[in-house]
């Protein structure tokens, strides 16, 4: 496995990774920072990234087509959850579509996948992981977010970084649809399954489709597919 690059303070490990990819870094290279000044989450949000958390980005090359990119966050979430299953105190690790990691109904991390293109040609993919490990969670988020150390005090960034980087370095980039095995595994971890959903469609979470879309069943029994947007539960 390619050794990781451990940095102190950066704006964003994703930005650091993209810069190194542009200079020719190879598939599987990974970057960890002790702290991010401008970490980012989905939909342009700032990700609070103090010391004690795992702020990791992994470079992926070699995808022949962008067909698997829309599924990357889901597949990355499954890969991360399998690693975290090694911490008995946090089992089961649940996934909230499309990119949140949840333990005991509180968010512990998130995935952000980014692509870089040259015209219509895919150049590389970057998978960013923000994981609360032993960092302090902001008081304003304490009712819905947590750190792994809240459940498993001996958890450390150093112990988790390489296994997680390895898992993300092996995520399938090619298969254009979730396989039956992946769908079954996601269903077993699907935090939204059976939950009442308010937005973007009012109804009940009903799983994910093979193309990675969220399924929501409305009050009349009609099934809707959601391809993007923030999901709010009641």
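The values are calculated or read from the model by the stated rules, or taken from the named source; none is laboratory data. All of these numbers come straight from a predicted model, not from anything done at the bench. Cβ sites come from the backbone with ideal geometry, for glycine too, and all protein chains shown count toward neighbours.
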Next item on the list: Tell me, please, whether a residue that is under 13 Å from the mean Cα position of the chain (by Cα) and at pLDDT 95 or above can be found in segment 131-149.
Entry: yes
Next item on the list: Take residue 181 and decide whether it is more than 21 Å from residue 28 (Cα to Cα), at pLDDT 95 or above and within 18 Å of the chain's Cα centre (by Cα).
Entry: no
Check: (1) within 21 Å of residue 30 (Cβ to Cβ); (2) over 16 Å from the mean Cα position of the chain (by Cα); (3) surrounded by fewer than 19 Cβ atoms within 10 Å (Cβ to Cβ); (4) at pLDDT below 95: which one isn't true of residue 172, the others all being true?
Finding: (2)
Margin query: Looking at segment 119-127, can you tell me whether even one residue there is over 23 Å from residue 52 (Cβ atoms) and assigned to a loop (DSSP other than H, G, I, E, B)?
Written below: yes
Margin query: Tally up the residues in segment 66-104 that are under 24 Å from residue 45 (Cβ atoms), in contact with a helix residue (DSSP H, G or I) (Cβ under 7 Å, 6 or more places away or on another chain) and either in a loop (DSSP other than H, G, I, E, B) or not assigned by TED's automatic domain parsing to the domain that holds residue 40 (or both), please.
Written below: 3
Check: Is it fair to say residue 145 is buried (at least 21 other Cβ atoms within 10 Å of the Cβ) and touching a strand residue (DSSP E or B) at 6+ places or on another chain (Cβ under 9 Å)?
Finding: no
Notebook entry, point to check: Out of segment 108-121, which residues are surrounded by fewer than 19 Cβ atoms within 10 Å (Cβ to Cβ) and either in contact with a helix residue (DSSP H, G or I) (Cβ under 8 Å, 6 or more places away or on another chain) or modelled with pLDDT of 95 or more (or both)?
Noted result: 114, 115, 116
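Give the residues of segment 206-225 that are in contact (Cβ under 8 Å) with a residue 60 or more places away in the chain and outside any loop (DSSP other than H, G, I, E, B), sorted by residue number. If you could, list the steps in order and put the result at the bottom.
Start the filter on segment 206-225 by keeping residues that are in contact (Cβ under 8 Å) with a residue 60 or more places away in the chain, which leaves 208, 211-212, 214.
Within segment 206-225, 208, 214 meet the criteria.
Right, residue 111: free of Cβ contacts under 8 Å to residues at least 40 places away in the same chain and assigned to a strand (DSSP E or B) or not?
Working: free of Cβ contacts under 8 Å to residues at least 40 places away in the same chain: yes; assigned to a strand (DSSP E or B): yes.
It is true that residue 111 is free of Cβ contacts under 8 Å to residues at least 40 places away in the same chain and assigned to a strand (DSSP E or B).
Could you grab me the full set of residues in segment 172-187 that are assigned to a helix (DSSP H, G or I) and in contact (Cβ under 8 Å) with a residue 24 or more places away in the chain? Outline the logic, then answer.
To start, the set of residues in segment 172-187 that are assigned to a helix (DSSP H, G or I) comprises 180-187.
Of everything in segment 172-187, those that are assigned to a helix (DSSP H, G or I) and in contact (Cβ under 8 Å) with a residue 24 or more places away in the chain turn out to be 182, 183, 185, 186.
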Check: Out of all the residues in segment 29-57, which are out of contact with any strand residue (DSSP E or B) (no Cβ under 7 Å at 6 or more places or on another chain) and either at pLDDT 95 or above or part of a strand (DSSP E or B) (or both)?
Finding: 52
Check: Assuming residue 63 fulfils every condition listed in (1) in contact with a helix residue (DSSP H, G or I) (Cβ under 9 Å, 6 or more places away or on another chain); (2) crowded, with 21+ Cβ neighbours inside 10 Å apart from one, which condition is it?
Finding: (2)
